[in-house]
Structures are given as structure tokens and as C-alpha cells.
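The values are calculated or read from the model by the stated rules, or taken from the named source; none is laboratory data. Everything numeric here is computed off the predicted structure, so don't read it as measured data. All Cβ positions, glycine included, derive from the backbone under ideal geometry; neighbour counts span all protein chains shown. Surface accessibility is based on the protein's heavy atoms, side chains included, excluding ligands, DNA and RNA. Shrake-Rupley method; radii C 1.70, N 1.55, O 1.52, S 1.80 Å.
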Amino acid sequence: METNQENLPPIRKIIHVDMDAFYASVEQLDHPEWRGKPLVVGGNEARGVVAAASYEARKFGIFSAMSSALAAKKCPHLIFARPRFDRYKEISLQIREIFQEYTDLVEPLSLDEAFLDVTENKVGLKSAILIAKQIRAKIKERTGLNASAGVSYNKFLAKIASDLNKPNGQAVILPEEAEAFLEKLPIGKFFGIGKVTAEKMQSLGIHNGKDLKEYSLQFLSKKFGKSGLHYFNIVRGIHLSEVQPHRVRKSLSAENTFEKDLITIQELEENLRPVFEEVIKRIERNGIKGRTITLKIKHSDFTLQTRSRTLEQYPDEETFWKIVLELMHQEDILQPVRLLGLGISNLNITEEQVHFGEQLKIPFEI
């Protein structure tokens with residue numbers, strides 16, 4: 001049976017650019033005396049969480065999301081730098097301007113990484129590899145920082161490729177190489193498969209892409225629900241999510257980790273207020289509203305508790321704070337608290353949609 005070529009999606013040239021240890025690298029850039037030394041951004045020797053770790057710190061087994069106290073134990077001479085998000089945003093905007101010189105199809109994932117669709121680009125280059133090299137060179141020239149890049153025909157593979165030759169490198173995964181590459185890839189290295197899902201897959205005997213590929217769509221859907229189709233497709237190199245320049249925010253939040261554990265309800269309320277005010281600032285800055293309010297509580301033993309309420313209408317500031325307090329008093333807090341966070345979701349904007357389907361494989365000139 002002949003395939004209707006007109007109904008198949010066109011092949012794309014996607015680049016994923018990822019800054020190397022971005023926050024930590026900015027601190028080392030601005031503080032020459034810290035260069036070449038193990039450094040983390042966030043927390044201190046006693047409290048907090050590592051937001052970013054320099055490559056020198058990573059040699060000691062220190063990574064982002066690790067408790068700062070544990071990081072200090074792993075490396076007694078570790079440097080702790082306070083986050084400077086205004087500075088990180090300033091450099092991120094410089095990097096974004098470089099992306100825009102090549103394409104308007106830029107989808108930022110965070111301050112330090114983004115997808116670019118360069119299938120059709122402003123400089124008329126056919127080679128996505130060459131574009132990626134030029135972008136990395138311009139980032140180095142204008143900011144003094146290193147970036148890594150991945151090139152492929154979809155976002156999923158470009159994201160994986162950008163991690164292959166870090167730091168300060170790039171890699172490409174061609175259409176004809178994708179399935180063989182994915183068969184050898186450990187399941188924990190698949191972009192979008194987190195630790196919990198990876199452990200569940202491993203318990204089923206799925207340790208790499210080849211193992212995953214042996215299971216039917218029916219089996220994967222039964223075990224992993226709606227994500228089953230996604231796993232079935234990605235191991236075959238199929239991922240049709242387009243680069244979305246106006247990526248829709250799904251939630252907004254703020255949180256704070258305290259130097260000393262909070263015990264009394266008065267302490268909790270007093271320290272929750274600044275977090276609330278930061279969320280309000282972000283709501284006003286982004287011009288959005290949300291109907292679901294979530295209170296996040298992390299205890300001194302690192303156990304996490306969340307309490308949420310969804311309203312029929314978008315609350316004003318007074319109602320928002322009232323609901324936050326009601327969530328706080330919803331039930332007794334019996335353990336010391338090290339972190340409080342607040343978030344809103346069910347926003348007044350359209351949710352992003354991601355589509356999967358059959359992908360056309362045709363020659364890919366990069």
C-alpha cells in the first residue's frame with residue numbers, strides 16, 4: 001500500500017542549546033578568584049539546597065537539588081555563592097538575542113536552555129550543525145560562557161544529544177542512527193523518564209531502549225497510562241512536538257528554605273508571608289491568574305507535604321491569602337519545617353498540547 005506523503009509531517013532540524021553549569025559559571029565569570037574551584041549556587045554549609053554546581057564541584061559528587069549540608073560534607077572547601085537571578089536573566093537575554101539572529105522559532109525551557117527550529121533560518125544555512133557551532137561561538141564571544149548543543153530531527157533526540165559531549169561540546173543524532181542509538185541508551189538517560197519511572201521500568205526488566213522496544217503499546221499503556229504511547233514512540237525515534245516560541249506556562253510558584261527549622265504556627269505564618277508576596281509579584285509581572293492554590297511544606301526530615309484547593313473563580317489577593325492560611329491550618333503540623341512554598345495552577349491561559357504520531361524518515365542534510 002502506498003503512503004500518502006502529503007499527510008506525513010515534514011522533517012525538521014532541531015537544535016537544543018544548554019549552557020554548561022550556568023549559574024555556577026556566571027559566578028565564576030564574575031569572580032575570577034573562584035575560577036577552577038568547586039563552587040555551588042544556593043544554600044550554605046548548614047542549610048538550603050544546591051541550585052547549581054560547577055564542574056569542579058561535580059567531581060566530588062555534588063549535584064543540583066542536593067542538600068547544601070551534604071554538599072559541604074563531600075567537599076569541605078566548597079564555595080557557596082548566593083543566587084543572583086537578575087544577573088542570570090541579564091545574560092539569558094543576551095543568549096536569547098543570539099538565537100533570534102538565526103530563527104524566531106525559539107522555545108526557552110529555562111534561563112539556560114532552549115530548543116531552536118532551524119529548518120528554515122534567517123542566515124540561509126542548510127547545516128544545523130554549522131548553525132549550532134556558530135551559536136556556541138557567539139555565546140562564548142559575547143558572554144564569556146560555554147554552551148553545549150545537540151542536533152537532531154526532533155526535540156527529544158536533540159535534548160539527549162546536547163548532553164553527550166558536555167561540557168562545551170555538541171553532538172548530532174541522524175534519523176538513520178536514531179533507533180540503534182536509542183536501543184543502547186540506558187533507560188535512565190531517556191529525556192522525560194525520571195528516577196521513579198526508571199526504577200519501575202527496571203523492575204519490569206526494562207534497562208535500556210532495546211528492552212523497552214520489546215513491549216507492546218498495549219502493555220506500556222496498561223503499566224504507564226497515557227505515558228505509555230509516549231514511551232512506545234520515543235524509543236522508535238518518534239516525537240512530533242513542535243518548537244513552540246510562545247510556550248505556555250502551566251504554573252507559577254515561589255518557595256524559601258530556612259536557616260533554622262520553623263516550629264510554632266506564628267513562625268510559619270510570619271515566614272510564609274514573604275513567599276506569598278513573591279508569588280503575588282510574579283503573578284502581577286506575568287499578568288496571569290490561577291484557580292488552584294497549593295501549599296508546599298518540607299519537614300526537617302525532608303518529607304514533603306502538599307495541600308491544595310481549587311476555586312471556581314480566580315481569587316483576588318485578599319482571598320488568596322485567606323485560602324493560604326486555611327491550607328496552613330487545615331491540619332496540625334507536628335514536625336519542624338525547613339521549607340515553605342506556594343504555587344498557583346489552573347491558569348487563565350490555554351494549556352500546551354503535545355501530539356505524537358508516525359514520523360516520516362527522509363534524508364536529513366545537516
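Answer yes or no: is there a residue in the range 27-42 that is out of contact with any Phe, Trp or Tyr (no Cβ under 8 Å at 6 or more places or on another chain), part of a helix (DSSP H, G or I) and polar (S, T, N, Q).
no
Identify the single condition in (1) more than 21 Å from SER110 (Cα to Cα); (2) among the small types (Gly, Ala, Ser); (3) open to solvent by 40 Å² or more (accessible area, probe 1.4 Å) that GLY192 does not satisfy, given that it satisfies every other one.
Unmet condition: (1).
Where residues in the range 280-331 are in contact (Cβ under 8 Å) with a residue 40 or more places away in the chain, hydrophobic (A, V, I, L, M, F, W, C) and touching a helix residue (DSSP H, G or I) at 6+ places or on another chain (Cβ under 8 Å), which of them is nearest to ILE263 (Cα to Cα)?
Of everything passing the filter in the range 280-331, MET328 is nearest to ILE263 (Cα to Cα).
Has the range 50-64 got at least one residue that is among the hydroxyl-bearing types (Ser, Thr, Tyr) and within 23 Å of PHE258 (Cα to Cα)?
Taking every residue of the range 50-64 in turn, at least one turns out to be among the hydroxyl-bearing types (Ser, Thr, Tyr) and within 23 Å of PHE258 (Cα to Cα).
Look through ILE234, ILE265 and report the one residue that is of a type in the set (A, V, I, L, M) and under 28 Å from VAL106 (Cβ atoms).
ILE234
Filter the range 205-227 for residues that are surrounded by 15 or more Cβ atoms within 10 Å (Cβ to Cβ) and among the aliphatic types (A, V, I, L, M) and give the result.
ILE206, LEU212, LEU220, listed by residue number.
Residue-by-condition table, conditions (1) modelled with pLDDT of 85 or more; (2) assigned to a strand (DSSP E or B); (3) open to solvent by 60 Å² or more (accessible area, probe 1.4 Å):
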{"position": "LEU252", "(1), (2), (3)": "yes, yes, no"}
{"position": "GLU255", "(1), (2), (3)": "yes, yes, yes"}
{"position": "ASP261", "(1), (2), (3)": "yes, yes, no"}
{"position": "GLU270", "(1), (2), (3)": "yes, no, yes"}
{"position": "PHE276", "(1), (2), (3)": "yes, no, no"}
{"position": "ILE283", "(1), (2), (3)": "no, no, no"}
{"position": "LYS298", "(1), (2), (3)": "yes, yes, no"}
{"position": "GLN305", "(1), (2), (3)": "yes, yes, no"}
{"position": "GLN313", "(1), (2), (3)": "no, no, yes"}
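Please determine whether any residue of the range 68-79 is closer than 15 Å to VAL41 by Cα and polar (S, T, N, Q).
Scanning the range 68-79 turns up at least one residue that is closer than 15 Å to VAL41 by Cα and polar (S, T, N, Q).
Name every residue in the range 103-114 that is under 17 Å from ILE139 (Cβ atoms) and in contact with a Leu (Cβ under 7 Å, 6 or more places away or on another chain), in order of residue number.
THR103, VAL106
Within the set of pairs 6+ apart or on separate chains, which have a first residue in the range 197-217 that is without any contact (Cβ under 8 Å) to a residue 12 or more places away in the chain and part of a helix (DSSP H, G or I), a second that is open to solvent by less than 80 Å² (accessible area, probe 1.4 Å) and among the charged types (D, E, K, R), and C-beta atoms under 6 Å apart?
From the range 197-217, no pairs qualify.
Output the residue which, of all residues in the range 69-128 that are in contact with a Phe, Trp or Tyr (Cβ under 9 Å, 6 or more places away or on another chain) and hydroxyl-bearing (Ser, Thr, Tyr), is modelled with the lowest pLDDT.
SER110
So SER64 fits all but one of (1) in a loop (DSSP other than H, G, I, E, B); (2) more than 28 Å from LYS133 (Cβ to Cβ); what number is the exception?
Status for SER64: all satisfied but (2).
Which residues, counting only those in the range 241-274, are in contact with an Asp or Glu (Cβ under 7 Å, 6 or more places away or on another chain) and closer than 19 Å to TRP321 by Cα?
Selection gives ALA254 alone.
Just need a number here: residues in the range 315-324 that are open to solvent by less than 80 Å² (accessible area, probe 1.4 Å) and more than 30 Å from the chain's Cα centre (by Cα). Outline the logic, then answer.
Within the range 315-324, the first condition is being open to solvent by less than 80 Å² (accessible area, probe 1.4 Å), and the residues that meet it are 315, 319-321, 323-324.
Going one step further and asking which of them are more than 30 Å from the chain's Cα centre (by Cα), we end up with 319.
Total satisfying the criteria: 1.
Under 9 Å between Cβ atoms, which residue pairs at least 6 apart in sequence (or on different chains) link something in the range 48-75 that is within 17 Å of SER300 (Cβ to Cβ) with a partner that is of a type in the set (Val, Ile, Thr) and open to solvent by 10 Å² or more (accessible area, probe 1.4 Å)?
From residues that are within 17 Å of SER300 (Cβ to Cβ), the pairs are GLY48/THR257; VAL49/THR257; MET66/VAL49; SER67/VAL49; SER68/VAL49; SER68/THR257.
Name every residue in the range 35-65 that is open to solvent by 70 Å² or more (accessible area, probe 1.4 Å), modelled with pLDDT of 95 or more and of a type in the set (A, V, I, L, M, F, W, C), in order of residue number.
Passing the criteria: only PHE60.
Quick check, is ALA69 among the aliphatic types (A, V, I, L, M) and open to solvent by less than 70 Å² (accessible area, probe 1.4 Å)?
Considered against the rule, which asks whether it is among the aliphatic types (A, V, I, L, M) and open to solvent by less than 70 Å² (accessible area, probe 1.4 Å), ALA69 comes out as yes.
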